[in-house]
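**Q** This is the structure I have questions about; it appears just below.
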Amino acid sequence: MKLIDGKKIAREIQQEIAEKVVQIHKRKPGLAFILVGNHPASQTYVRAKQKACASTGIVSTLRSFPSSIKQNELIEQIHLLNQDETIDGILVQLPLPLHIHEWAIMTAIAPEKDVDGFHPINMGKLLLGDESGFLPCTPNGIKTLLHRYHIPISGKKVVIVGRSNIVGKPLAAMLMQKKDDCNATVTVAHSKSEYLTEITREADILIAAVGSPHFINETMVRKGVVIIDVGINRLTDQTLVGDVDFQKIAPIASAITPVPGGVGPMTIAMLLKNTFISYTTSIPKAPKKTEL
Ligand code: GUN
């Protein structure tokens with residue numbers, strides 16, 4: 001069994017970005033974070049992302065607002081950042097308070113600064129195979145991990161458990177793309193899928209993004225499977241575990257990501273990558289023609 005070390009690959013990617021950023025002698029790339037309320041996990045995530053920015057030379061700024069902020073006030077703040085020439089990327093940390101509609105906020109971000117890749121324009125481009133948009137960070141991190149570990153995707157059966165807008169749906173679109181480095185046969189299953197075990201046992205590559213601790217057990221996989229665990233679940237004793245029962249499945253798998261230290265650090269590395277791409281292509285881009 002091979003351990004897929006996301007922390008190591010993320011560090012390598014951050015180093016590659018840092019080497020490019022250090023050569024910039026004018027304005028450095030800028031990333032703005034928006035944090036609403038005092039959700040402890042969100043605060044931790046934003047802190048980790050800002051630390052990664054600092055280590056690569058990307059200038060980050062944090063705009064924090066109380067959970068009482070009105071939706072239109074938040075949108076005004078986003079418009080200011082859209083117009084700010086020192087800002088290449090805008091990230092609104094989710095979840096947002098219930099009175100603020102995610103759709104209204106995501107669509108307020110200029111698509112060319114949407115380094116999370118959540119804007120419908122960028123999601124639509126991904127679905128259509130137009131490569132001029134930003135790819136969502138967690139799916140892109142997973143694809144990058146598979147490539148850097150030389151795990152073949154083309155023609156393979158990939159089963160994704162989880163259909164979220166952030167992971168399952170965009171990841172399916174990405175891996176099934178008509179491209180030599182994709183071309184997977186993708187199945188998306190979820191909590192309501194019947195015969196889930198039969199489906200997951202078919203997988204060459206099983207990607208768990210359900211948000212439920214140890215949801216995938218050893219009866220649900222076949223020998224030699226590649227396991228990507230997207231889950232980050234905190235148990236009552238505060239230990240962090242994934243969606244996969246690592247201890248039971250690791251001996252059966254040919255390769256597996258740990259939690260923590262697997263997909264998580266890759267999400268951050270892809271955010272930095274998107275910010276750098278935004279910086280280098282800050283002039284409006286003409287859509288690239290691709291075969292549909
Ligand atoms: N909340 C949990 N994951 C994410 C993410 O990738 N981006 C943002 N903006 N918020 C999140």
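All of the numbers you see were taken from the coordinates with simple rules; none came from a lab. Values in this document were obtained by computation on a predicted structure and should not be read as measured data. Glycine also receives a Cβ, built like all others from the backbone with ideal geometry; neighbour counts cover every protein chain displayed.
**Q** Taking the Cβ of each residue in Glu202, Glu194 as the centre, tally the other Cβ atoms inside 10 Å and list the residues starting with the fewest. Walk me through the numbers before you get to the answer.
**A** Details: Glu202 15, Glu194 7.
Arranged by neighbour count, lowest to highest, Glu202, Glu194 become Glu194, Glu202.
**Q** Residue by residue, what Karplus-based ³J(HN,Hα) values in Hz, rounded to whole numbers, does region 215-232 have, using 6.51, -1.76 and 1.60 with θ = phi - 60° and x for Gly and Pro?
**A** Per-residue couplings from phi come out as 4, 9, 10, 5, 6, 9, 10, 9, 4, x, 5, 9, 10, 10, 10, 8, x, 10 Hz.
**Q** How large is ³J(HN,Hα) for each residue in region 10-16, as worked out from phi by the Karplus curve 6.51 cos²θ - 1.76 cosθ + 1.60 (θ = phi - 60°), to whole Hz, x for Gly and Pro?
**A** For region 10-16, the Karplus-derived couplings read 4, 5, 4, 5, 4, 5, 4 Hz, x marking Gly and Pro.
**Q** Going highest first, how would you order 269-276, 121-128, 219-226 by mean Cβ packing within 10 Å? Display every interim value, and only then the final one.
**A** Details: 269-276: 26.0, 121-128: 18.6, 219-226: 17.0.
The densest-packed peptide leads the list: 269-276, 121-128, 219-226.
**Q** I need the shape label for region 112-199. Rule: rounded when a/c is under 1.5, else prolate if a/b > b/c, else oblate, with a, b, c from the alpha carbon gyration tensor.
**A** Working: a/c = 1.96, a/b = 1.31, b/c = 1.49.
Here region 112-199 falls in the oblate category.
**Q** Evaluate the Debye formula for region 1-87 with equal point scatterers sitting on the alpha carbons, no solvent, and hand back log10 of I(q)/I(0) at q = 0.13, 0.19, 0.24 Å⁻¹, in q order, two decimals.
**A** For the requested q values the scattering log ratios are -0.57, -0.97, -1.18.
**Q** Ranked by Cβ crowding within 10 angstrom, fewest neighbours first, how are Asp204, Asp116, Asp180, Asp237 ordered? Before the final figure, lay out each step's value.
**A** On the way: Asp204 19, Asp116 25, Asp180 8, Asp237 5.
By the 10 Å Cβ count, ascending, the order reads Asp237, Asp180, Asp204, Asp116.
**Q** Provide the packing ranking of 71-78, 86-93, 154-161, i.e. peptides ordered by the mean count of other C-beta atoms within 10 Å per residue, highest first. Mind showing how you got there, number by number?
**A** Working: 71-78: 15.8, 86-93: 22.6, 154-161: 19.9.
Highest-to-lowest ranking by the protection proxy: 86-93, 154-161, 71-78.
**Q** Treating only the Cα positions of region 110-155 as identical point scatterers, give the base-10 log of I(q)/I(0) from the Debye formula at each q in 0.15, 0.25 Å⁻¹.
**A** -0.43, -0.87
**Q** With n ≥ 4 as the cut-off for DSSP H runs, can you work out [θ] at 222 nm for the chain, using -39500 (n - 2.57) per run divided by the number of residues, rounded to the nearest 500?
**A** On the way: 10 runs with 109 residues, N = 292.
Calculated at 222 nm, the ellipticity per residue is -11500 deg cm²/dmol.
**Q** Moving to a separate point now. May I ask for the net charge around Asp245, where only other residues with Cβ less than 12 Å from the Cβ of Asp245 are counted and Lys, Arg are +1 while Asp, Glu are -1?
**A** That sum, taken over residues with Cβ under 12 Å, equals -2.
**Q** With just the Cα atoms defining each centre, how far is region 24-74 from region 240-263? Give it in Å.
**A** A separation of 30 Å, based on Cα centres.
**Q** Rounded if a/c is under 1.5, else prolate if a/b is larger than b/c, else oblate: which is the chain, with a ≥ b ≥ c the root eigenvalues of its Cα gyration tensor?
**A** Values: a/c = 1.65, a/b = 1.46, b/c = 1.13.
Because a/c hits 1.5 or more and a/b exceeds b/c, the chain counts as prolate.
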